[in-house]
Amino acid sequence: MPIDHGNLFQAAASLVGVEALADAEVGERFRRLMASLTRFDHVVVFAYRGEQRPIDLYATFNEKEHELFVSLYQDGAYLLDPFYWNATAAGAGVFRMRELAPDRFFSSEYYRTYYGQTGLAEEIGFFVTLSGDVTIVLSLMRKEASGVFSASEFALLKQAEPLVAAIVRHFWAETGKRFDAARASRKRGHVDDSGPQRIWRDLNLTAREAAIIELVLQGHSSESIGLRLNIATGTVKVHRRNVYRKLGISSQIQLLSLYLETLPTTA
């Protein structure tokens, strides 16, 4: 679609000279800015810090969609999301989901039982790093009926990255304090906030077994895991068999189910 210069300038002007805005207002002005450049069906903005529950800053979903894209995601699905892993690695920039996804992500049980339900054709994220190990990810989503973003659209979005990063750093610079407050609140309520590491301990897995199974759940093949951990593919397969036997399971869908059931409650 051609750039809507009128809306582009209006959206940019709405951000000039403004000291502070509520999350919804920042998100809405970002949405308007992006809408002047390209088509998309949804916007969602999450803040990440380590394994802590992501903070939802803005979303355009209806109530039913919000349950899938936000509530279930925050309840633990985020831990297997390629965007989450890139955010925690401080991978700043603009990325397509398929650029970050492991080699077996789109055939994984996580994709089949969760991500595939979203009905998305593609997701593009702006990753902006802040102080305190916080990364804000602003996602533009297209449903299957809308198709994927073209190469020229993606190139245009990459050109917009400096402006998006400046907006995030101006309005959401203090997001780390929210994570501190959320962690303190959970500790007062005696809620476990130790993420998957606690799960692996509870399931009596060794550090090596935990590392392998975590990568399996993310959608990595045995070959990919071997390359990442610098071990032979055959060794990876032996560890997988041992873990399945230890947990009394025989399939990846059982592994995913057990993992999700064991996640600590972080609400």
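Please tell me if Ala267 is open to solvent by 50 Å² or more (accessible area, probe 1.4 Å) and at pLDDT 90 or above.
Taking the combined requirement at face value, the residue does not satisfy it.
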(message) Just to be sure I understand the filter: pairs with C-beta atoms under 9 Å, separated by 6 or more residues or on different chains, first member in region 125-138 and on the phi > 0 side of the Ramachandran plot, second member open to solvent by 10 Å² or more (accessible area, probe 1.4 Å) and of a type in the set (A, V, I, L, M). Which pairs pass?
(response) Asp133/Ala90
(request) May I ask you to list pairs of residues, at least six apart or on different chains, whose Cβ atoms are under 7 Å apart, with the first in region 105-118 being touching a residue at least 40 places away in the same chain (Cβ under 8 Å) and on the phi < 0 side of the Ramachandran plot and the second being open to solvent by 60 Å² or more (accessible area, probe 1.4 Å) and β-branched (Val, Ile, Thr)? (result) Glu109/Ile253
(request) Could you list all residues from region 17-50 that are crowded, with 18+ Cβ neighbours inside 10 Å, part of a loop (DSSP other than H, G, I, E, B) and of a type outside the set (Ser, Thr, Tyr)? (result) Leu37, Phe40, Arg49
(request) For region 46-53, indicate whether the set of residues that are aromatic (Phe, Trp, Tyr) and within 13 Å of the chain's Cα centre (by Cα) is non-empty. (result) yes
(request) Among the residues of region 78-91, count how many are at pLDDT 90 or above and touching a helix residue (DSSP H, G or I) at 6+ places or on another chain (Cβ under 8 Å). (result) 6
(request) Please give the number of the condition Arg142 fails out of (1) more than 12 Å from the chain's Cα centre (by Cα); (2) outside any strand (DSSP E or B). (result) (2)
(message) Pairs please, first residue from region 169-193 and closer than 14 Å to Pro54 by Cα, second anywhere and modelled with pLDDT under 90 and surrounded by fewer than 11 Cβ atoms within 10 Å (Cβ to Cβ), Cβ atoms under 7 Å, 6+ apart in sequence or on different chains.
(response) Gly176/Ser131
(request) Scan region 206-246 residue by residue and report those that are open to solvent by 30 Å² or more (accessible area, probe 1.4 Å), over 22 Å from Arg112 (Cα atoms) and in contact (Cβ under 8 Å) with a residue 24 or more places away in the chain. (result) Arg208, His239, Asn242, Lys246
(request) Can you confirm whether region 135-154 contains a residue that is closer than 26 Å to Leu8 by Cβ, touching a helix residue (DSSP H, G or I) at 6+ places or on another chain (Cβ under 6 Å) and of a type in the set (Asp, Glu)? (result) no
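Residues are listed down the side, and each one gets a yes or a no for (1) without any contact (Cβ under 8 Å) to a residue 40 or more places away in the chain; (2) more than 25 Å from Gly176 (Cα to Cα):
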| residue | (1), (2) |
| --- | --- |
| Arg31 | yes, no |
| Ser36 | yes, yes |
| Asp41 | no, yes |
| Glu51 | no, no |
| Pro54 | yes, no |
| Glu65 | yes, yes |
| Ser71 | yes, no |
| Leu100 | yes, no |
(request) From the list Ala207, Ala184, Ala211, pick out the single residue that is of a type in the set (A, V, I, L, M) and at pLDDT below 85. (result) Ala184
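Among helices (runs of 4 or more DSSP H) lying entirely in region 63-109, which contain 3 or more residues that are buried (at least 21 other Cβ atoms within 10 Å of the Cβ)?
Filter on region 63-109 gives 82-88.
The values are calculated or read from the model by the stated rules, or taken from the named source; none is laboratory data. Remember, predicted model here, so these are calculated numbers, not experimental data. Cβ coordinates were reconstructed from backbone atoms using ideal geometry, including for glycine residues, and neighbour counts include every protein chain displayed. Calculation scope for accessible area: heavy atoms of the full protein, side chains included, ligands and nucleic acids excluded. Shrake-Rupley method; radii C 1.70, N 1.55, O 1.52, S 1.80 Å.
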